[in-house]
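**Student:** I have a structure I would like to understand better, so I am pasting it below and will then ask my questions one at a time.
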Amino acid sequence: METIFSIDNILFSIGGQGVSLVETLSVATGLACVYLATKAKVANFWVGYIYNILLFILFYQKGLYSSMLVQPVSFAINLFGHWRWTHPAKEEENSRHQLKITLLSNRQRVFHIFVMIAFMALWGIVLTYLDNLFPSVFSEAKRPFLDAFVTGAILTAQYLSAQKKLDCWAVWFTVNITNITLYLLAGLAFLPMVSAGYLVLAFFGFAMWKKMWRENR
């Protein structure tokens, strides 16, 4: 049954590629979420919940199953981050009584990089055989290892954002650059342009978080 979120419901075209309603709504909520995050506003989590749902629908339609399956996990990380930001321990509070921005240690950075790479390799293998395991549900995954790379990087960036680590922006830079490539290969027209916008916002976010980090040290 066709719904308003069907990929066939094209609103407009960019470069000969149609942009659907769900892609347009994903863009709007995604930009709002990132903008609020750059300002360290707790409201970014409320918008993020809607964003997760829209992306789940969009990625299923496009056959990007790794990005689709990660949305429930991303939703859970958002819940965790929402709690962490609003319920910090006394020594973790900033002047607004919210979680203050901190940095990872070098040891923690190495650990997160190792976990991220291991996840990417294993998840890429799973995606390669997903259509064989569940042929009635999934078609052949597109660019499974590139998809897995983006998934691992997004989860890492979200987890670090949930902990309000300044290092998260370095991972977001990587995510946005890689996403531009992935979305273009998947035939998405609007999201690559938006990812470029996310990349610009990430630079602003890093600068603003760094300023707040210095003020609350």
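Each value in this text was obtained by applying a stated rule to the coordinates, not by laboratory testing. Computed from a predicted model, the values in this text were never measured in an experiment. In this analysis, Cβ positions are derived from the backbone assuming ideal geometry, glycine residues included, and neighbour counts consider all displayed protein chains.
**Student:** Looking at this model, which pairs from Lys41/Lys165; Lys39/Lys90; Lys41/Lys62 are more than 20 angstrom apart at the alpha-carbon?
**Tutor:** Lys39/Lys90; Lys41/Lys62
**Student:** Roughly how many Å is it from the Cα centre of region 35-96 to that of region 165-217, as a whole number?
**Tutor:** If we compute the Cα centre of each part, the gap is 14 Å.
**Student:** Continuing with this model, one more query. Would you mind computing, in nm to one decimal, how far apart the modelled labels at Leu79 and Leu103 are, each placed 7 Å from Cα along Cα→Cβ?
**Tutor:** It works out to 3.4 nm between the two label points.
**Student:** Just to confirm the filter: which trypsin sites (Lys or Arg not before Pro) across region 19-91 are DSSP coil and have at most 15 other Cβ within 10 angstrom of their Cβ?
**Tutor:** When the trypsin sites (Lys or Arg not before Pro) of region 19-91 are filtered for loop state and at most 15 Cβ neighbours within 10 Å, Lys39, Lys41 remain.
**Student:** Only residues of region 31-58 count here: report those whose backbone N is under 14 Å from the spot 7 Å along Cα→Cβ of Phe204, or say none.
**Tutor:** Residues 31-41 fall inside that zone.
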